[in-house]
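Participant: My structure is below; once you've seen it, I'll send some questions.
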Amino acid sequence: MKKSLRLTAAVALAATASLTLASCGFGGSGSDDSASGKTTIDLLVPSYSDATQGLWEDVITGFEAENTDIDVNLEVQSWDNLESVIATKIQGGEAPDIYNGGPFAGFAADELLYPAEEVVSADTFSDFQDSFIANAEVDGTAYALPLIASARALFVNNALLEQAGVAEAPKTWDELLDTATKISALGGGVAGYGMPLGSEEAQAEAAVWLWGGGGTFGDATEITVDDPANLPGAEQVKKMIDAGATQADPGSTDRSPLMDIFVQGKIGMQVGLPPTVGQIADGNPDLDYSIVPIPTQDGSPMTVGVMDQLMAFQNDDDKKEAITKFLDYYYTSDVYVPWVQAEGFLPVTKSGAEALSGEEALAPFLDVLPDAKFYPSTNPAWSATDGAFKALFGQLQTKPAQDVLTEIQAQADAG
């Protein structure tokens, strides 16, 4: 039975921005191939790396070999386009059957998603780490399945610190500002701190600073971007920029290309993710670097935790069994662990964590994960907030900090 899809307020903002985007539709409601006797499920995912599409194709090939009555139609989008694409698909009645994304509470609020326990077996559901499942709940019910987890840490170019006369990596904002300013003064196109405030992932860099000063984005019931506790972090961002401690034009710089510059040895310090380790191994294996906790205002431990999810849209109840088979297959340890390992993220299953417990490269991130703070992704307004950060946070380069926070709050409130 088909379920009518209403355009949720949580994606309305993205939909407005995507009116000129041609729908890359799967054909949603028409994907069940009755003529062939097969069921087709549509899978929309973002690209985490150059390997992402091939990794999913390998999963699909293995699954279809074991389930000859099911076809999986894969679509891979960039993170820059993903939210616009999903909004356009929902608006056109072509939502994917399975979607890999971030914010999901708005979809759940509009009753577009299956409860997670309805689309995986009890064994699969019980294998998820409890804290990750809790982060996927709305009013006590999980509407998304944890996919990958990640934590942030500070990547430090040891050689540049030494050239700048700095003995050890900074632990506080004052130390970070001093160290980054000295590194930038080396010249030769070197930047002290890589600060990506562009649209790719401005919300993450914002969290590094706002949370590092004791602030918060809010919780499941309230978004609090303009809370006074967030002002110290926003003002510290301006202080870093004004002191010349960052790369040029941080307001329009995205994380991925900036991290490439760090890998090349031209940035002293930048917050990175577990996959950054693999990027360095591939792009500049001789780079002398270390990974340390992110500096905060007073040196207290803090990291930005990120958990992306898989969710299943209630397009057609006749597909529910096929969706469950695919998700159960994907989360088996011998399928899921190699996928996570190849992308360089942290596993969200107990069996996955056990399998990767000996991975030395993941140790610095696993160490800081207990101090992780998460986006308020179960708040239906988070999707609009996330978009507001991406659109507006980079304006700190030219506007007063309080004005930027106020504008982000207003856009978040407007939905």
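Participant: Just to be sure I understand, how many residues within the stretch 95-122 are assigned to a helix (DSSP H, G or I) and touching a helix residue (DSSP H, G or I) at 6+ places or on another chain (Cβ under 8 Å)?
Facilitator: Residues that pass the stated criteria total 7.
Participant: Looking only at the stretch 272-299, which residues are closer than 23 Å to Gly165 by Cβ and either among the β-branched types (Val, Ile, Thr) or assigned to a strand (DSSP E or B) (or both)?
Facilitator: Tyr289, Ser290, Ile291, Val292, Ile294
Participant: Okay, next question. What residue, among those in the stretch 197-255 that are under 20 Å from Pro293 (Cα atoms) and among the charged types (D, E, K, R), is modelled with the lowest pLDDT?
Facilitator: Per the criteria, the residue is Glu201.
Participant: Only one of these is among the aliphatic types (A, V, I, L, M), crowded, with 20+ Cβ neighbours inside 10 Å and out of contact with any strand residue (DSSP E or B) (no Cβ under 9 Å at 6 or more places or on another chain): Ala108, Ala87. Name it.
Facilitator: Ala87
Participant: Counting just the residues of the stretch 224-253 that are among the aliphatic types (A, V, I, L, M) and within 20 Å of Ala410 (Cα to Cα), which one comes out surrounded by the fewest Cβ atoms within 10 Å (Cβ to Cβ)?
Facilitator: Ala229
Participant: Filtering the stretch 125-161 down to residues that are in a strand (DSSP E or B) and among the small types (Gly, Ala, Ser), which residue is surrounded by the most Cβ atoms within 10 Å (Cβ to Cβ)?
Facilitator: In this case the residue turns out to be Ala149.
Participant: Tell me whether the stretch 74-94 contains one or more residues that are over 29 Å from Thr378 (Cα atoms), among the acidic types (Asp, Glu) and either at pLDDT below 95 or not in a helix (DSSP H, G or I) (or both).
Facilitator: No; the residues of the stretch 74-94 include none that is over 29 Å from Thr378 (Cα atoms), among the acidic types (Asp, Glu) and either at pLDDT below 95 or not in a helix (DSSP H, G or I) (or both).
Participant: Condition first: among the hydrophobic types (A, V, I, L, M, F, W, C), out of contact with any His (no Cβ under 7 Å at 6 or more places or on another chain) and farther than 30 Å from Trp209 by Cβ. Can you find one or more residues in the stretch 148-164 that meet it?
Facilitator: Taking every residue of the stretch 148-164 in turn, none turns out to be among the hydrophobic types (A, V, I, L, M, F, W, C), out of contact with any His (no Cβ under 7 Å at 6 or more places or on another chain) and farther than 30 Å from Trp209 by Cβ.
Participant: If we keep just the residues of the stretch 300-335 that are assigned to a helix (DSSP H, G or I) and aromatic (Phe, Trp, Tyr), which is surrounded by the most Cβ atoms within 10 Å (Cβ to Cβ)?
Facilitator: Phe326
Participant: Does Ser84 count as under 27 Å from Phe365 (Cα atoms) and in contact with a Ser or Thr (Cβ under 8 Å, 6 or more places away or on another chain)?
Facilitator: no
The values are calculated or read from the model by the stated rules, or taken from the named source; none is laboratory data. What you see is a predicted model, and the numbers here were worked out from it, not measured in a lab. Cβ coordinates were reconstructed from backbone atoms using ideal geometry, including for glycine residues, and neighbour counts include every protein chain displayed.
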